[in-house]
Amino acid sequence: MSVYWNERKRRRRLEKSNTAHKAELKALRVENTRLQGDLDMSWKEGLVKEEDVKAVIDCFQERITLLTKERRVHMRERVQLKRKCEQIVRLKVHLKTRIQKQDSPRCIFKITTRGVYTKQACVMVCYLASAGTAKKKIGKTIKTIGDMISVKVDHIMSSPTDKHAVLESGVAAEVQLGYEMAKSDSELL
């Protein structure tokens, strides 16, 4: 028996052979009935012996039982293949949903809250600017990094906003430095 990689093709082949066996079985039954009638007529006329008739009938009965067994085997294989095809379809749907879940980002990084950039976004912009990223490309860099680590970034920061965030952090750093200097009791300043 050859190996079938495609279960549907195998199922179709088994269905064809099953219908062929059904037709052959039906033809044999009809022929058996016809021959039995002919033998009855010949027997009444005395042309055929009873042993010959029984041998022919036994031969046909064996053939019918053999075809019936083959039909059962084919039906069993057909049911098994049908179950496998249904299982493959269910597995295919399950794998599609798993792939869709894996492709979708696991979390969302919100740069803005009610239209205002968050503290995390401003800190990230300042870090990227200090690391040497071009100020025009900081927003796209954040988006690209988010895509790489499967985090969806909800908004791309524009280059003027990047510049403002860097400028504000510099001003805030100077204010904080002035506050720390005023607060200290050191005379060396």
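The values are calculated or read from the model by the stated rules, or taken from the named source; none is laboratory data. Just so you know, these numbers come straight off a predicted model, no measurement behind them. Positions of Cβ are generated from backbone atoms using ideal geometry, with glycine treated the same way; all protein chains shown enter the neighbour counts. Side chains included, ligands, DNA and RNA excluded: accessible areas come from the protein's heavy atoms. Shrake-Rupley method; radii C 1.70, N 1.55, O 1.52, S 1.80 Å.
Regarding the stretch 36-56, can at least one residue be identified that is among the hydroxyl-bearing types (Ser, Thr, Tyr), modelled with pLDDT of 85 or more and either in a helix (DSSP H, G or I) or loosely packed, with under 14 Cβ neighbours inside 10 Å (or both)?
Looking through the stretch 36-56, none of the residues is among the hydroxyl-bearing types (Ser, Thr, Tyr), modelled with pLDDT of 85 or more and either in a helix (DSSP H, G or I) or loosely packed, with under 14 Cβ neighbours inside 10 Å (or both).
Being over 41 Å from the mean Cα position of the chain (by Cα) and of a type in the set (S, T, N, Q) is true for just one of Ser150, Ser169. Which residue is that? Before you say what the answer is, go through the steps one by one.
On the way: Ser150 fails: over 41 Å from the mean Cα position of the chain (by Cα).
None of the other options fit; the residue is Ser169.
In the stretch 61-73, how many are open to solvent by 40 Å² or more (accessible area, probe 1.4 Å) and in contact with a Leu (Cβ under 8 Å, 6 or more places away or on another chain)? Explain how you work it out, then say what you get.
In the first step, residues of the stretch 61-73 are kept if they are open to solvent by 40 Å² or more (accessible area, probe 1.4 Å); the result is 61-63, 65-66, 69-73.
Next cut, in contact with a Leu (Cβ under 8 Å, 6 or more places away or on another chain) only: 63, 71.
Count: 2.
Could you run through the stretch 15-31 and say how many residues are more than 11 Å from Arg71 (Cβ to Cβ) and in contact (Cβ under 8 Å) with a residue 60 or more places away in the chain?
Matching residues across the stretch 15-31 total 1.
Conditions first: (1) modelled with pLDDT under 80; (2) under 30 Å from Asn6 (Cβ atoms). Val73 passes all but one, so which condition is the exception?
Condition not satisfied by Val73: (1).
Of all residues in the stretch 74-88, which are free of Cβ contacts under 8 Å to residues at least 24 places away in the same chain and loosely packed, with under 13 Cβ neighbours inside 10 Å? Reasoning before the result, please.
Narrowing the stretch 74-88 to residues free of Cβ contacts under 8 Å to residues at least 24 places away in the same chain: 76, 79-80, 83, 86-87.
Matches in the stretch 74-88: Arg76, Val79, Arg83, Glu86, Gln87.
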